[in-house]
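Participant: Dropping the structure in here first, questions after.
The values are calculated or read from the model by the stated rules, or taken from the named source; none is laboratory data. Keep in mind the model is a prediction, meaning the values are calculated, not measured. Cβ: placed from backbone, ideal geometry, glycine included. Neighbour counts: every protein chain shown. Heavy atoms of the whole protein, side chains included, go into the accessibility calculation; ligands, DNA and RNA do not. Shrake-Rupley method; radii C 1.70, N 1.55, O 1.52, S 1.80 Å.
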Amino acid sequence: MRHANVRDLLASASRIAVLTGAGISAESGIPTFRGAGGLWRSFKAEDLATPGAFARDPKLVWEWYDWRRGQIASAQPNAAHRALVELEVGQVANLRRVANPPAEDSTSPDQQRFTLITQNVDGLHNRAGSRNLLKLHGDIWIQRCTACGAERNETHTPLPEIPPRCSCGGLERPGVVWFGENLPEEILARAQYAATQAEVFLVIGTSALVYPAAGLAGMAKSAGAKVVEINVAETPVTNWVDYSLRGAAAEILPQILP
Ligand code: BJW
Ligand code: ZN
């Protein structure tokens, strides 16, 4: 049984890294970007999640984010988010040694054992209790001033004013990464490092279309990791991963915990 093979892989790995996408939050009731239900007022993510869209119509873009923030606020982490917490806790607690960390590795032994890399901005991994978490695409609850650069946490939903403004009067933008923008450099570097060090790399609920995040699975594979995909559908990585488990993350993940 393939689930049992994956469970054995996880049980014997010193270092595990995981990449998640919108599909892991689907069973919390949060729509994914692509595929059925992924559209908002007939706009695609590619129409709205860009600096150009925001420059043209900040109100429209903020209305989309305000709608999503409302959905996320009323959602709860699901069994898949919780299973990843359990995997991390078990991995940190176990006594297996991480073999020969390179001299330049400044991460703690706990961080070497388990890294969760997410493309999601919904904060559900934090709310579930994940610890060593790298958010590649930012955080929907952070707002950044386009004039003075100040960042703040804003959790009111719906927002009292659209578009929101900074205390300096400047227009605020969501603290997320849009198409054509660079990912936070240090977070991406840590994610790439975790991918190249992992013995097992899980790719969960992502269409694996958006780079550089989608490239992490290939980096892990090239560096020798066993790569396991969990997704309800096929993706561009399906044909070369070591195991592709077809189904909902909230059902499959609890079944493969060591
Ligand atoms: C389930 C499930 C269940 C469902 N269980 N599974 C041409 C022009 C400009 C840029 C580019 C270009 N060509 C390439 C680029 C680079 C570009 C890119 O990759 N584009 C591709 C689309 C072609 N990337 C970037 O621009 C990135 N930056 C960058 O590269 O900087 C360098 C650079 C600078 C200047 C120019 C060019 C390069 C930045 C990417 C930022 C992505 N931002 C977003 C929005 C974040 C904020 C927000 O949330 O609003 O990130 S877009 C959106 O896509 C979001 C997601 O994180 C990301 C990935 O989506 P994800 O998570 O995979 O979701 P879906 O919906 O696609 O898939 C869900 C999956 O779940 C599906 O497979 C389902 O089957 C599955 N599923 N239910 C398990 N229950
Ligand atoms: Zn400001």
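Participant: Which residue is farthest from the chain's Cα centre (by Cα), if the candidates are limited to segment 217-234 and must be farther than 16 Å from G23 by Cβ and of a type in the set (A, V, I, L, M)? Quick ask: steps written out before the conclusion?
Facilitator: Within segment 217-234, the subset farther than 16 Å from G23 by Cβ is 218-227.
This time we only want the ones that are of a type in the set (A, V, I, L, M), so: 219-220, 223, 225, 227.
Numbers: M219: 17, A220: 16, A223: 21, A225: 19, V227: 17 Å.
Here the answer is A223.
Participant: Would you be able to tell me the number of residues in segment 41-75 that are of a type in the set (F, W, Y) and either within 12 Å of I140 (Cα to Cα) or open to solvent by 80 Å² or more (accessible area, probe 1.4 Å) (or both)?
Facilitator: 4
Participant: Quickly run through segment 159-190 and pick out the residues that are away from ligand 2 (no atom under 13 Å from the Cβ), within 13 Å of A49 (Cβ to Cβ) and touching a residue at least 60 places away in the same chain (Cβ under 8 Å).
Facilitator: P174, V176, W178, F179, G180, E181, listed by residue number.
Participant: Could you please find all residues in segment 9-48 being charged (D, E, K, R) and free of Cβ contacts under 8 Å to residues at least 24 places away in the same chain?
Facilitator: Filtering segment 9-48 down to residues charged (D, E, K, R) leaves 15, 27, 34, 41, 44, 46-47.
Selection gives R41, K44, D47.
Participant: Test E234 against the criterion of being within 16 Å of ligand 2 (Cβ to nearest atom), open to solvent by 50 Å² or more (accessible area, probe 1.4 Å) and not aliphatic (A, V, I, L, M), and give yes or no. Show your work before the answer.
Facilitator: Details: within 16 Å of ligand 2 (Cβ to nearest atom): no; open to solvent by 50 Å² or more (accessible area, probe 1.4 Å): yes; not aliphatic (A, V, I, L, M): yes.
So E234 does not fit the description; no.
Participant: Continuing with this model, one more query. Which members of segment 151-174 meet the condition of being closer than 21 Å to R56 by Cβ and within 16 Å of ligand 1 (Cβ to nearest atom)?
Facilitator: Of everything in segment 151-174, those that are closer than 21 Å to R56 by Cβ and within 16 Å of ligand 1 (Cβ to nearest atom) turn out to be L159, I162, P163, P164, E172, R173, P174.
Participant: Then there's this: When segment 135-150 is examined, which residues are found to be near ligand 1 (Cβ under 10 Å from one of its atoms) and among the aliphatic types (A, V, I, L, M)?
Facilitator: L136, I140
Participant: N100 - would you say it is closer than 30 Å to G218 by Cβ and at pLDDT below 95? Can you show your working first?
Facilitator: Working: closer than 30 Å to G218 by Cβ: yes; at pLDDT below 95: yes.
Yes, satisfied.
Yes or no, residue by residue, for (1) acidic (D, E); (2) open to solvent by 20 Å² or more (accessible area, probe 1.4 Å); (3) assigned by TED's automatic domain parsing to the domain that holds I204:
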| position | (1), (2), (3) |
| --- | --- |
| V85 | no, yes, yes |
| N100 | no, yes, yes |
| D105 | yes, yes, yes |
| L116 | no, no, yes |
| L133 | no, yes, yes |
| C145 | no, no, no |
| A150 | no, yes, no |
| P158 | no, yes, no |
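Participant: Q192 passes all but one of (1) within 16 Å of ligand 1 (Cβ to nearest atom); (2) part of a loop (DSSP other than H, G, I, E, B); (3) open to solvent by 50 Å² or more (accessible area, probe 1.4 Å); which number fails?
Facilitator: All conditions are met except number (2).
Participant: If we keep just the residues of segment 1-27 that are in contact with a strand residue (DSSP E or B) (Cβ under 8 Å, 6 or more places away or on another chain) and open to solvent by 40 Å² or more (accessible area, probe 1.4 Å), which is nearest to A249 (Cα to Cα)?
Facilitator: First, the residues of segment 1-27 that are in contact with a strand residue (DSSP E or B) (Cβ under 8 Å, 6 or more places away or on another chain): 2-3, 5-6, 9-10, 13, 15-21, 23-24.
If we keep only those that are open to solvent by 40 Å² or more (accessible area, probe 1.4 Å) as well, we get 2, 5.
Working: R2: 15, N5: 17 Å.
Looking at residues that are in contact with a strand residue (DSSP E or B) (Cβ under 8 Å, 6 or more places away or on another chain) and open to solvent by 40 Å² or more (accessible area, probe 1.4 Å), I get R2.
Participant: Okay, next question. So P184 clears everything in (1) within 30 Å of L60 (Cβ to Cβ); (2) surrounded by 17 or more Cβ atoms within 10 Å (Cβ to Cβ); (3) under 14 Å from the mean Cα position of the chain (by Cα) except one condition, right? Which one?
Facilitator: (2)
Participant: On the given criteria, is S106 closer than 19 Å to L216 by Cβ and more than 13 Å from ligand 1 (Cβ to nearest atom)?
Facilitator: Values: closer than 19 Å to L216 by Cβ: no; more than 13 Å from ligand 1 (Cβ to nearest atom): yes.
Judged against the criteria, S106 is not a match.
Participant: Scan segment 239-257 and report the pairs whose first residue is more than 14 Å from V200 (Cα to Cα) and not assigned by TED's automatic domain parsing to the domain that holds S207 and whose second residue is part of a loop (DSSP other than H, G, I, E, B) and open to solvent by less than 20 Å² (accessible area, probe 1.4 Å), with Cβ atoms within less than 8 Å and a gap of 6+ or a chain change.
Facilitator: Here the result reads none, with nothing in segment 239-257 linked to a residue that is part of a loop (DSSP other than H, G, I, E, B) and open to solvent by less than 20 Å² (accessible area, probe 1.4 Å).
Participant: Looking at (1) away from ligand 1 (no atom under 16 Å from the Cβ); (2) modelled with pLDDT under 95, which is the only condition R34 fails?
Facilitator: R34 satisfies all of (1) away from ligand 1 (no atom under 16 Å from the Cβ); (2) modelled with pLDDT under 95 except (1).
Participant: Right, next: Out of the residues in segment 1-31 meeting the condition of being assigned to a loop (DSSP other than H, G, I, E, B) and over 16 Å from A208 (Cβ atoms), tell me which one is nearest to ligand 1 (Cβ to nearest atom).
Facilitator: Let us first name the residues in segment 1-31 that are assigned to a loop (DSSP other than H, G, I, E, B), namely 1, 13-15, 21, 29-31.
In the following step, the residues that additionally are over 16 Å from A208 (Cβ atoms) were identified as 1, 13-15, 29-31.
Details: M1: 19, A13: 21, S14: 26, R15: 23, G29: 11, I30: 10, P31: 8 Å.
Here the answer is P31.
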